[in-house]
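Every number here is computed from the coordinates shown, using simple stated rules; none is lab data. If you're wondering where the values come from, they're calculated on a predicted model, not measured in any experiment. Cβ placement follows ideal geometry from the backbone for every residue including glycine, while neighbour counts extend to all protein chains displayed.
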Amino acid sequence: MKLGKTFVQSSLLMMIGGISLLLAIVASAFLLVNNTRQSFDALVNERAVRSAAADLFSLLQDAESGQRGYLLTGDQSFLSPYKDAVGQVASSVKQLQQLTSGRPNYQALVSSIDGQVHVKLEELASTIKMFDENKKDETLEIVRNGFGQKLMNKLRKQLQLIIDLSDKNIQVNIEQQITASNQLKWIMIGAALAIVAVMSISLYIIMQYIKSINAASAEVQKFNAALELRVVERTEDLVRANQEIQRFAYIVTHDLRAPLVNIMGFTTELENALTMMKNYVLADGAPLNDAEILEAREAAAEDVPEALAFIRSSTAKMDSLINAILKISRDGRRELKPEQVDIKAIAQSSINSLKHLIDAADGTAEISIGSVQAITDRLSLEQIFTNLVDNAIKYRAPERPLKITVHAKHVGAFIETMIEDNGRGINESDFERIFELFRRAGPQNQTGDGIGLAHVRSLARNLGGDIFVRSELGKGSAFTLRVPADLSFILRRNTLNQN
């Protein structure tokens, strides 16, 4: 859920970024195109201004050339270009005024040119009129004094100023167009790079999302596999627990029934003995033969004490069995208290508590443990270690000195502790039997009721672990205790599973 939300947020951000980038590119391109268009329009206008100024000067030159040709030759044909030029001058001036309208840097010059053009046209017209009136000498005198030439030179300079200014503006507009073109080019390049970057980031986000999806899928598969494994383990635990319950029920009923059968049998003997004693005691003076007297005396002296002894022994056996069952039951119901413990310290404490027995057996105990810490129930661990060390002492091989070695190490989320001895060993067929309640293996030359290792396995499983044995007859045994390194985690998980 979080992964999908992150992907949606990233995609939305990339979409917003892409749209913003696209809008920025479009806006920049539009602005540059608009500036280019304005620059182009200005360039066209400047070219028109320049052309209008040049055309006006050309018309004035044509008019002046026609006027002078006519004055010098009197040939009417020279008046034709004069008249054509004069007819176009007014429209040319008007065009120049329109092109420079609203442009102060031109308007003053155009206004001055307009006035001087009128003066020039009047000067040309007046000389032609005087020539037509046969005032040739006066006309030539006007031409010779240079008034018209001065006026023409002034017009030439002013029109040239307009042309020069137009050329300058044209150059500026061309440079602006080149700049705008370069800017547009770099914007397009930047846009292309930005688009590539956005696409790359988008592709990266998509790939990361796909990778995360695959990882999540793998995690789900792993979780499912772990869940299936846990179900299998729980099923195996349930099957094992059911088998243990059945075995426990059989053992309890069998071992408790045996003392009851003995009690019932000896109760019958008591009844028989009491009958004989009753005949003797309640004879009320009736004569008894020697056999009856002997039977009564044997019943009182032997049968009754023997029956009572067997009954007492059977009840003691039943009491021992019941106490053993209660002990295992109490340990199973006891609330575990996880705490930080040092495995080496626990092992050393257990060995120290039995050191007098180890010394009496001329034995040695070696602890080969580094820094191994666990969070577990201290009391349960102490009981397990003490019981295993006690068994190693009890079932030692008499032909060699006892040697006990304790190892411990981390194995994943568990701690494995191995207690080895060089005792008499255990037959492979008895590896599971020795952990059953009231069951023992090998020669029964030691006192015991067969609950020690059953108690140890019960404690180990209460801690979330188990215990196993590896042994060889005549060489020794190695008991491996495997418990979680963090019991509190196991208890929390079990609580969650129960809820």
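Taking every DSSP beta bridge that has both residues in the stretch 338-498, what percent is antiparallel when rounded to the nearest 5?
On the way: 28 of 34 bridges.
Here the antiparallel bridges make up roughly 80 percent for the stretch 338-498.
Using a simple spin-label model with pseudo-atoms 7 Å out from Cα toward Cβ, Glu133 and Phe40 lie 5.7 nm apart. Working note: Karplus 6.51/-1.76/1.60 with θ = phi - 60° gives the stretch 470-484 the couplings 10, 8, 9, 4, x, 10, x, 9, 9, 9, 10, 9, 10, 10, x Hz, where Gly and Pro are set to x.
Taking 29 Å as the cut-off for C-alpha to C-alpha distance, list the pairs among Lys94/Lys185; Lys337/Lys403; Lys185/Lys211; Lys94/Lys135; Lys94/Lys136; Lys337/Lys409 that go past it. With Cα atoms farther than 29 Å apart: Lys94/Lys185; Lys337/Lys403; Lys185/Lys211; Lys94/Lys135; Lys94/Lys136. Computed from the C-beta positions of Thr267 and Ser217 and an R0 of 51 Å, the FRET efficiency is 0.10 to the nearest 0.05. Taking a point 7 Å out from the Cα of Arg492 in the direction of its Cβ, none of the residues of the stretch 360-382 has a backbone N less than 12 Å from it.
Beyond 20 Å, the tail of the calculated P(r) for the stretch 97-230 holds 74 percent of the Cα pairs. Remark: spin-label model distance Asn427-Ser371 equals 4.8 nm, labels positioned 7 Å along the Cα→Cβ axis. Legend: residue pairs Lys344/Lys394; Lys355/Lys394; Lys83/Lys168, Cα-Cα distance threshold 24 Å; pairs beyond threshold, Lys83/Lys168. Alpha-carbon geometry of the stretch 1-106: the Rg and the Dmax are 30.4, 106 Å, given in that order. Placing dummy labels 7 Å off each Cα toward the beta-carbon, the span from Ala125 to Ile189 is 6.2 nm.
Shown here: the stretch 2-209, whose C-alpha atoms stretch 109, 28, 21 Å along the first, second and third principal axes, sorted largest to smallest.
How much length, in nm to one decimal, is gained on full extension between Lys394 and Thr275, taken as 0.36 nm per residue of separation minus their Cα-Cα distance?
38.1 nm is the gain from fully extending Lys394 to Thr275.
With all pairs of different alpha carbon atoms counted, what Kirkwood hydrodynamic radius in Å does the stretch 338-498 show?
Details: mean 1/r = 0.0621 Å⁻¹.
Every distinct Cα pair counted, the radius reaches 16.1 Å.
For Leu473, the residues whose amide H sits under 5 Å from its own are Ile426, ignoring neighbours fewer than 5 places away on the same chain, with H placed 1.01 Å from N. Positive end of the dipole of the stretch 1-131, charges at C-beta (+1 Lys, Arg; -1 Asp, Glu), about the Cα centre: which of Gly87, Ser51, Thr36 has its Cα farthest in that direction? In the stretch 1-131, that residue is Thr36. Placing +1 on the Cβ of every Lys and Arg and -1 on the Cβ of every Asp and Glu, with nothing else charged, gives the stretch 338-498 a dipole about its Cα centre of roughly 160 debye.
Per-residue extension of 0.36 nm, minus the Cα-Cα distance of Asn182 and Val26, leaves a gain of 54.5 nm for this segment.
Quick check: net charge around Val49, other residues with Cβ under 15 Å of its Cβ, Lys/Arg +1 and Asp/Glu -1? Before the final figure, lay out each step's value.
Numbers: positive: Arg47, Arg50, Lys94, Arg103, Lys168; negative: Asp41, Glu46, Asp55, Asp114, Asp164, Asp167.
Charge balance near Val49 sits at -1.
Close amide H partners of Ala485, meaning residues 5 or more places away or on another chain with modelled amide H under 5 Å apart, are Phe414, Ile415. Looking at the stretch 347-415, the GluC sites (Glu not before Pro) that sit in a DSSP loop and have at most 10 other Cβ atoms within 10 Å of their own Cβ are Glu399.
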